[in-house]
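What follows is one structure encoded as structure tokens, with my remarks underneath.
The values are calculated or read from the model by the stated rules, or taken from the named source; none is laboratory data. From a predicted model like this one, the values you see are computed outputs, not experimental measurements. All Cβ positions, glycine included, derive from the backbone under ideal geometry; neighbour counts span all protein chains shown. The area values use the complete protein model at the heavy-atom level, side chains included, leaving out ligands, DNA and RNA. Shrake-Rupley method; radii C 1.70, N 1.55, O 1.52, S 1.80 Å.
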Amino acid sequence: MGIKAALPRYELYLYTAVLAGALIWAGSWIAEASSENVNRKAFKESVKPGWHYFGRKMDVADFEWMMWFSTFRNHILFALTGHVIFAKIFTLLAPKIGIHGCKHRSLIFGVYGGLAVLITMGWTFMALVLSHCIILYSVALVKMKWLCFVAGLTTLASLKLEPYNSWQESLVTGSFDLQDILFYGGCGFSIMRCMSFALENCEKKDGNYTFSDLLRYNFYLPFFFFGPIMTFDRFHAQVNNIQLTRKDREMWNITTKALVHLGVILAVDVFFHYLYILTIPNDMKLVTKLSDWCLAGLAYSNLVYDWVKAAMMFGVINTVATLDHLDPPQPPKCITMLYVFAETHFDRGINDWLCKYVYDYIGGDHDKIFKELLATFCTFAITTLWLGPCELVYIWSFFNCFGLNFELWVAKLFSLPPFSTIERMMGEAMSRRIRGVFNAANFWTIVLYNVLALNNLEFAKLVGRRLIFKGFPLSSLSVLLVTYCGVQLVKERERQQALLDDPEPVKPVDGGKEKAE
């Protein structure tokens, strides 16, 4: 079935109406549950007084969101603004002292980033990060990929497993609210960047990259603590490009994106005054009393919020990187647009890293069952280590690894007769509808497999029981119907994008008959 298979317009209008009505209906249940239980004892720690203008309490359960856009907003903006100003001042002064500013951009970025890290975290943290760099640079000189992986993953394990992580953390003196996050974020991303450098050095045919190249790459401040990870080959090529030009209306687009980010951040804060989507799932006594629609809305909205958070955090960082003439990894694909495991990720930088060095390297074209199984196993093994091994992460990795392989098994099965013969006999539009049913079921497996990592295992199990077993058939089929409508709207968007990318003559729909474009 081609991606350009079309459906009648009236059918798409019906799908839009059903989806909009269902989202409003589920949202009303969540809003009612939030308002009626605002003073629950279990909400005391995570529901605090909000904006004075609303006169309502606000959901503050997510520390990361509050850190970025409330508590430490000014500190983060100060550091990123300082990076931009420092680079701009150097660019203006460099010609006056006989230095080609464009050629030394990476050096200036590295110097500012190193100083910022040193001032923020202290010399012991800096020494720890440099020790990681020295170890992995030394291994990189051997130019053996397997040895680079062993050294890198061992170093990462020392950061994620007891008692080695506690010993390393104790080396960092001082105490402030962000110390733990900056420590583990800075060290973790630093190790992944060093591994990228080592693996790219193995690919370099003549000579080696210098230790200075590694430091400039690793201490680029916008990416240092929070990511995203930009693989060394891309960063090195872009940061050493001396032909710095802006595309037409690029500054306008950067400004527009920054304003959009600001608008979304304000909108999320407003929603948190009315929808306590983060706090409610942690109160299992309350959750068991909620309707099936409310539970489905909570599970879905938690994943959408996690995408919004990642998009905003990486969006702020990417805006600064774009001002530096870099093309950073884009924000992740929205959960609403996902109905296959192959496209599911919440950090495009980590996803690109894993695909380049592990998943695509082992899996090849991803059409061989055994190679795909090995590729996904290795990918999720590294992902488990990256996230920090624990029971919840093991469960999350297992189910997502299974889902990715199960998709290939099903695709292989349905490519064989008689299924392939039956599909060729039916129209492309009907094939799209049938596939949409399976995609809708797959969407909810993605939701359930990932919501346990965002909330807790008990909440995920309760949602699964209520929607699959206790809610059958009414709740189960109605949620599946709504999801089917959403999947078809996503497919329509993909179809239109495919037509823009590869225009073809379109046959008109005559008399309501279905067409294939």
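Points worth noting:
- Considering segment 362-376, the residues that are surrounded by 14 or more Cβ atoms within 10 Å (Cβ to Cβ) and without any contact (Cβ under 8 Å) to a residue 40 or more places away in the chain include one that is farthest from the chain's Cα centre (by Cα), namely LYS368.
- Of all the criteria given as (1) surrounded by fewer than 19 Cβ atoms within 10 Å (Cβ to Cβ); (2) within 26 Å of GLU200 (Cβ to Cβ), the one not satisfied by TYR357 is (1).
- Check on GLY186, of a type outside the set (Lys, Arg) and out of contact with any helix residue (DSSP H, G or I) (no Cβ under 9 Å at 6 or more places or on another chain): no
- Failed condition for CYS334, given (1) over 19 Å from the mean Cα position of the chain (by Cα); (2) surrounded by fewer than 18 Cβ atoms within 10 Å (Cβ to Cβ): (1)
- LEU19 being at pLDDT 90 or above, of a type outside the set (Phe, Trp, Tyr), under 26 Å from the mean Cα position of the chain (by Cα) and open to solvent by 50 Å² or more (accessible area, probe 1.4 Å): no
- The one condition in (1) modelled with pLDDT of 90 or more; (2) open to solvent by less than 20 Å² (accessible area, probe 1.4 Å); (3) farther than 23 Å from ALA87 by Cα that CYS202 fails to fulfil: (2)
- For TYR274: the one exception among (1) under 18 Å from the mean Cα position of the chain (by Cα); (2) aromatic (Phe, Trp, Tyr); (3) surrounded by fewer than 19 Cβ atoms within 10 Å (Cβ to Cβ): (1)
- Among (1) open to solvent by less than 70 Å² (accessible area, probe 1.4 Å); (2) at pLDDT below 90; (3) in a loop (DSSP other than H, G, I, E, B), the one test that MET66 misses: (3)
- ASP269, sole failed condition from (1) outside any helix (DSSP H, G or I); (2) in contact (Cβ under 8 Å) with a residue 12 or more places away in the chain: (1)
- Meets criteria (in the same structural domain as ALA296 (by the TED database), open to solvent by less than 90 Å² (accessible area, probe 1.4 Å), more than 19 Å from TYR276 (Cα to Cα) and in contact with a Cys (Cβ under 9 Å, 6 or more places away or on another chain)) for LEU14: no
- Qualifying residue in segment 25-32 (condition: more than 28 Å from TYR274 (Cα to Cα) and either in contact with a Phe, Trp or Tyr (Cβ under 7 Å, 6 or more places away or on another chain) or hydrophobic (A, V, I, L, M, F, W, C) (or both)): no
- Qualifying residue in segment 72-85 (condition: open to solvent by less than 30 Å² (accessible area, probe 1.4 Å), modelled with pLDDT of 80 or more and over 30 Å from ILE277 (Cβ atoms)): yes
- Single unsatisfied condition, GLY21 versus (1) in the same structural domain as TYR300 (by the TED database); (2) within 22 Å of LEU266 (Cα to Cα); (3) free of Cβ contacts under 8 Å to residues at least 40 places away in the same chain: (2)
- Residue in segment 153-163 that is modelled with pLDDT of 95 or more, among the charged types (D, E, K, R) and in a helix (DSSP H, G or I) present: no
- Of the helices (runs of 4 or more DSSP H) lying entirely inside segment 282-385, the ones with 1 or more residues being small (Gly, Ala, Ser) and closer than 28 Å to GLU250 by Cα are found at 292-323, 348-354.
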